[in-house]
Amino acid sequence: NEDFSFSYPFNQTNLTSSLPVNIKLYDNSTMLCTHNIFSLKQTQLYHNISMCNKKRNLLFSQSTFIGSEQYTGKWLGYFPPSWEGLKDAIRQTLNFNLLGSANLIHEACGYSEYNSNEEINKELCVRWIQFSSVSAYSRINGIERINSYEGEYKDSIINSVILRERLSLYIYSTMIKNYIDGGFLIMPVFAFYTNDFNTDEEVELLFENEIQFMLGPNLMIAPVVTQGERTHKTFFPKNEIIYNFY
């Protein structure tokens with residue numbers, strides 16, 4: 001809060017050869033940089049307790065630290081209920097997978113911490129659910145809201161749920177293999193196909209493609225993230241045979 005303050009119980013001069021352990025907050029107060037380490041120890045404790053009870057656990061923490069992946073998944077936090085929020089959800093999913101963390105979950109359709117009941121654009125929500133259906137875990141914010149959807153919105157959501165069911169074994173087995181051998185669930189296309197291009201310009205265009213991704217080693221996904229879009233430019237590698245999943 002605004003009155004936050006902290007006094008160090010040790011002599012600051014002893015830290016001359018060490019990295020700083022304090023961070024500045026927005027109001028110029030300071031705190032020890034143990035916030036993420038605390039969450040690591042917390043999830044480690046919960047994980048060990050559940051293992052002692054011989055129960056399979058599924059934990060998600062908003063705050064993680066190096067090594068947290070063996071105990072908990074990552075909740076990506078609040079994304080605003082907007083088209084830019086959807087893009088950020090995809091970007092962060094790709095970023096964390098590149099860092100080796102694939103157990104991710106977020107609030108499909110976005111989340112407003114100020115007004116969780118605000119009306120969300122139906123088309124945006126449907127597009128978000130479509131992306132969520134091909135993510136590691138799918139969680140919809142405001143499920144009661146989409147129960148009222150009719151027509152093409154309802155049909156699209158139903159199709160997304162069906163797709164999720166069809167892919168569930170593929171996603172699950174891919175994550176099991178990654179747990180044993182190392183690997184990924186979702187990766188940007190540049191992690192696969194850089195060698196398919198001959199010029200720097202072509203490679204640059206590939207790296208600028210921050211939305212399209214691979215789901216496991218065999219499925220390519222190109223989400224729609226623009227309102228009203230009905231045709232979508234999609235990258236295809238030159239030296240691969242691509243089949244329409246449907």
Q | Pick from segment 39-93, criterion of a type in the set (A, V, I, L, M, F, W, C) and assigned to a strand (DSSP E or B), ranking: farthest from Glu208 (Cα to Cα) | A | Phe60
Q: State all residues of segment 164-177 that are touching a Leu at 6+ places or on another chain (Cβ under 9 Å) and either crowded, with 16+ Cβ neighbours inside 10 Å or among the acidic types (Asp, Glu) (or both); if no residue qualifies, say none.
A: Leu167, Ile171, Thr174, Met175
Q. Which numbered condition trips up Tyr193, out of (1) more than 20 Å from the chain's Cα centre (by Cα); (2) surrounded by 11 or more Cβ atoms within 10 Å (Cβ to Cβ); (3) at pLDDT 80 or above?
A. (3)
(Q) Would you confirm whether or not segment 140-163 contains a residue that is closer than 16 Å to Leu215 by Cα, in contact with a strand residue (DSSP E or B) (Cβ under 8 Å, 6 or more places away or on another chain) and either assigned to a helix (DSSP H, G or I) or open to solvent by 40 Å² or more (accessible area, probe 1.4 Å) (or both)? (A) no
**Q.** Some residue of segment 223-239 being basic (Lys, Arg), assigned to a loop (DSSP other than H, G, I, E, B), open to solvent by 80 Å² or more (accessible area, probe 1.4 Å) and touching a residue at least 12 places away in the same chain (Cβ under 8 Å)
**A.** yes
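The values are calculated or read from the model by the stated rules, or taken from the named source; none is laboratory data. Not measured: the values here are computed from a predicted model. Note that each Cβ is placed from the backbone with ideal geometry, even for glycine, and that neighbours are counted across all protein chains shown. Note: areas computed on protein heavy atoms with side chains; ligands, DNA, RNA excluded. Shrake-Rupley method; radii C 1.70, N 1.55, O 1.52, S 1.80 Å.
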